[in-house]
C-alpha cells in the first residue's frame, strides 16, 4: 500500500542548480498538491492540480514550476535554486478537491 | 490569510482533555485538521464542512462555527500517542486549496 511516494527523500543543492522533485500516487486521486514546510512553521501551498492537465498557483509559487504528467504523477521543479528554498517539501493527493489529503513522506531539501 | 491557532503549545497528563482552536478572518467552506509527529508527514484527522457534515476520526471530535469562522478540536482522555503538532487548514472556495495555521504542539506525559 504505497499511497503517495516522493523522490528523492533528501537532496543537497548549490545555489543556482536546478532540480525536479517527483511525486506519484496510486490511489486514483484526481487532485494533487505541493507544499513546503519551514522549521517550526505550518504548511504553505506552492501549486496544486485539481485534475490531469490543470495546475494552479498556491500561496508561494514564485521560483517553482509544476507538471501534472498524468493522473498519477505531479512534479515540482526548481529552475535556479536559492537558499530561501531550503525546506521540507510535501506532496499530497485527494479524491477530489476538498476531501482528506494524503501526504507523502516529504523531501528534505538543503540549498547551500 | 493564515488562520490563527490557539494555544501555541499544550502539556497534558495522560487522561486529561484538551481543546485546540482555529480562527479565520475569511468565510470558510470547510476546515481540515491534521496531526504531524516530529519528522513525519501530516496525517488527516477530521474535516468539518459548511452545513454541519463531519468526516474523520472516531476518538476525536470537532466543531465548526460558520458564523464566527472558528473551529475547535476536542481531544478527550488523551493518550501518549496524541502527542504531536496539530494543524488546521481552511478552505474558502471548496477547491482543496488549504491555508494552514501555524500549528499547536501537544505533549502528553505519563
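The values are calculated or read from the model by the stated rules, or taken from the named source; none is laboratory data. In this text the structure is predicted, and so the values were computed from the model without any measurement. Backbone-built Cβ (ideal geometry, glycine too); neighbour counts: all protein chains shown.
For the stretch B:56-65, name all the residues that are modelled with pLDDT under 85 and surrounded by 14 or more Cβ atoms within 10 Å (Cβ to Cβ). Before you say what the answer is, go through the steps one by one.
Keep residues of the stretch B:56-65 that are modelled with pLDDT under 85, which gives B:56-60.
Matches in the stretch B:56-65: B:56, B:57, B:60.
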Quiz item: Among (1) within 14 Å of another protein chain (Cβ to nearest Cβ); (2) within 13 Å of the chain's Cα centre (by Cα), where does residue A:77 come up short?
Solution: (1)
Practice problem: Quickly run through the stretch B:67-92 and pick out the residues that are buried (at least 16 other Cβ atoms within 10 Å of the Cβ) and not in a strand (DSSP E or B). | Solution: B:69, B:78, B:82, B:83, B:92
Quiz item: Does the stretch B:93-110 hold any residues that are touching a strand residue (DSSP E or B) at 6+ places or on another chain (Cβ under 8 Å), in a loop (DSSP other than H, G, I, E, B), touching a residue at least 40 places away in the same chain (Cβ under 8 Å) and within 14 Å of chain A (Cβ to nearest Cβ), and which are they?
Solution: B:94, B:98, B:101, B:102, B:103
Quiz prompt | Selection status of residue A:21, within 19 Å of residue B:101 (Cα to Cα) and either over 15 Å from the mean Cα position of the chain (by Cα) or in a strand (DSSP E or B) (or both) | solution = no
Exercise. Please go through the stretch A:38-53 and pick out each residue that is within 7 Å of chain B (Cβ to nearest Cβ) and buried (at least 22 other Cβ atoms within 10 Å of the Cβ).
Key: A:42, A:43, A:45, A:48
Quiz item: Listed residues B:49, B:28; which is more than 9 Å from every other protein chain (Cβ to nearest Cβ), closer than 25 Å to residue A:33 by Cβ and surrounded by 17 or more Cβ atoms within 10 Å (Cβ to Cβ)?
Solution: B:28
Quiz prompt | Of residues in the stretch A:54-78 being out of contact with any helix residue (DSSP H, G or I) (no Cβ under 9 Å at 6 or more places or on another chain) and within 19 Å of residue A:9 (Cα to Cα), the one surrounded by the fewest Cβ atoms within 10 Å (Cβ to Cβ) | solution = A:77
Quiz prompt | Single match in A:86, A:107 (criterion: in contact with a strand residue (DSSP E or B) (Cβ under 6 Å, 6 or more places away or on another chain), more than 22 Å from residue B:90 (Cβ to Cβ) and within 12 Å of chain B (Cβ to nearest Cβ)) | solution = A:107
